[in-house]
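**Q** Sending over a structure as structure tokens; questions will come in a sec.
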Amino acid sequence: MMTRRMLLGLLLPFVMALKAEAQRVGKKFKLGILVWGETSVPREIANALRELHWIEGDNISFEIRGLGASQATLIANAVQLVASKVDIILASGTAATRAAKQATDKIPVLMVLAHDPIGNGLVTHLGHPEGNVTGVSALETMELITKRLQMLKEIIPNVSQVASIGYSNDEIRAISQAFDIRLIPIRTQGVVLEEQFQRVMKLKPSALIVNSTNFTTRNSRLIVALASEHHLPAFYPLKMFVNVGGLVSYGVDAFPWARIIADYVDKLLKGAQPSELPIQQPTNIRLFVNLQTAKALNIIIPPSLLAQAHEIIE
């Protein structure tokens, strides 16, 4: 026969769960955004959160740090987010993730398109991330960068000087030297991009290579327009650049990173631990070619590359 005490023992876990859920529903959570050079909460993330019923001003608020900050001041910005008692820190890119990890080992940190999280010391395991860091990594491996430069050499065999946007000198210098290419970096922090293009063009680069970063994706149309204005054949990381007139892209296509981040925010706010959420990374690498742009630049794309393309815009 079930006693009252036994019944209470069975019901207690359910009562506690309902109480915790009621507290969660009534609470307004604070999401910290640690960025480097961004100006707002990424639209894709805000939209994906809204689909999961996390509405800014209703049950969630955003606190942004790092607008226009240098890498040196990112840690100070991360410390400010910790002091403001945010529930989660969204760290945009590798440098921001590293800064957030240094600032706290308690608050969950969601990396947003950080590069090589193991190689950069952010985690030691992708499937079971230890500590408080998880999220989505970008697929900008050395092999991917090497393949882009190799394809660029096939399109422009005599290329020797290439302007670059979004790459650090360390990650690409050795690779470019192997192809006898001198890189000319185009600065993006605290500058007018049009002026930077004019400065770099005085050095007479014969092509442009663009990395996948928050800055480049947000300014994709401007970058493509400037490359066209200066008659620069350009190699891009994503199809979105080719769709607006870019010459060639080779990289990840249609990776739902914002939906994954929003789903992880949802799970964490409902009690999940970062170590329970594996780091997600893209695997679908595709080549896209815009023959209209090639014709405008008077460039012939080798048949061997066209045969590899997943889509050709004619």
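Bear in mind that the values in this text are calculations on the coordinates, not laboratory data. Bear in mind the structure is a predicted one, so any value in this text is a computation, not a measurement. No Cβ is skipped: glycine too gets one built from the backbone with ideal geometry, and neighbour counts run over all protein chains shown.
**Q** So if R0 is 45 Å, what FRET efficiency would Ser275 and Gln189 give, r being the distance between their Cβ atoms, rounded to the nearest 0.05?
**A** 0.85
**Q** I would also like to ask the following. Using only alpha carbon pairs under 8 Å that are at least six residues apart, calculate the relative contact order of the stretch 89-139 and give it in whole percent. Intermediate results must be reported in sequence, preceding the final value.
**A** Numbers: 88 pairs, mean separation 19.7, N = 51.
Contact order relative to length: 39 percent.
**Q** Going by C-beta contacts inside 10 Å, put Tyr236, Tyr264, Tyr167 in order with the fewest on the left.
**A** The fewest-first ordering by Cβ neighbours comes to Tyr167, Tyr264, Tyr236.
**Q** Going by alpha carbons, how many degrees (0 to 90, nearest 10) lie between the helix axis of 220-229 and the longest principal axis of the chain?
**A** Here the helix axis deviates by roughly 10 degrees.
**Q** Assuming R0 = 45 Å, what is the FRET efficiency of Val82 and Arg218, from their Cβ-Cβ distance, to the nearest 0.05?
**A** 0.95
**Q** Ranked by Cβ crowding within 10 angstrom, fewest neighbours first, how are Val265, Val200 ordered?
**A** Val200, Val265
**Q** Step through the residues of the stretch 279-293 one at a time and calculate ³J(HN,Hα) from phi using the Karplus curve (6.51 cos²θ - 1.76 cosθ + 1.60, θ = phi - 60°), rounding each to whole Hz and writing x for Gly and Pro.
**A** 6, 8, 9, x, 10, 8, 9, 9, 10, 10, 10, 10, 6, 4, 5
**Q** Between 0 and 90 degrees, rounded to the nearest ten: what's the tilt of helix 169-178 against the longest Cα principal axis of the chain?
**A** 40 degrees
**Q** Further question: Amide H of Ile64 versus every other amide H placed in the peptide plane: which residues, excluding those fewer than 5 positions away on the same chain, fall under 5 Å?
**A** Ile33
**Q** Kindly flag which residue pairs out of Lys239/Lys295; Lys239/Lys267; Lys204/Lys295 have an alpha-carbon separation exceeding 26 Å in this structure.
**A** Exceeds cut-off: Lys239/Lys267.
**Q** Between Val109, Val192, Val136, which gets the highest mean-square fluctuation from a Gaussian network model of the chain, Cα cutoff 10 Å?
**A** Val192
**Q** A follow-up question, please. When the helix-only estimate is applied to the chain (DSSP H runs of n ≥ 4, each -39,500 (n - 2.57), divided by the residue count), what is the mean residue ellipticity at 222 nm, nearest 500 deg cm²/dmol?
**A** Numbers: 13 runs with 130 residues, N = 314.
Rounded to the nearest 500, the figure is -12000 deg cm²/dmol.
**Q** Give the residues of the stretch 245-280 whose amide nitrogen is closer than 11 Å to a point set 7 Å from the Cα of Phe29 in the direction of its Cβ.
**A** Correct set: 262-273.
**Q** So, one more: Restricting everything to alpha-carbon atoms, can you work out Rg to Rh for the chain with a Kirkwood hydrodynamic radius?
**A** 1.07
**Q** Here's another thing I want to ask about it. Find which of Leu139, Val248, Ala207 sits farthest along the positive direction of the dipole of the chain, computed with +1 on the beta-carbon of Lys and Arg, -1 on that of Asp and Glu, about the Cα centre.
**A** Leu139
**Q** Please arrange Thr217, Thr293, Thr73 by counting, for each residue, the other beta carbons lying within 10 Å of its beta carbon, fewest first. Don't skip to the end; give the middle numbers.
**A** Details: Thr217 18, Thr293 21, Thr73 14.
Taking fewest neighbouring Cβ atoms as first place, the list is Thr73, Thr217, Thr293.
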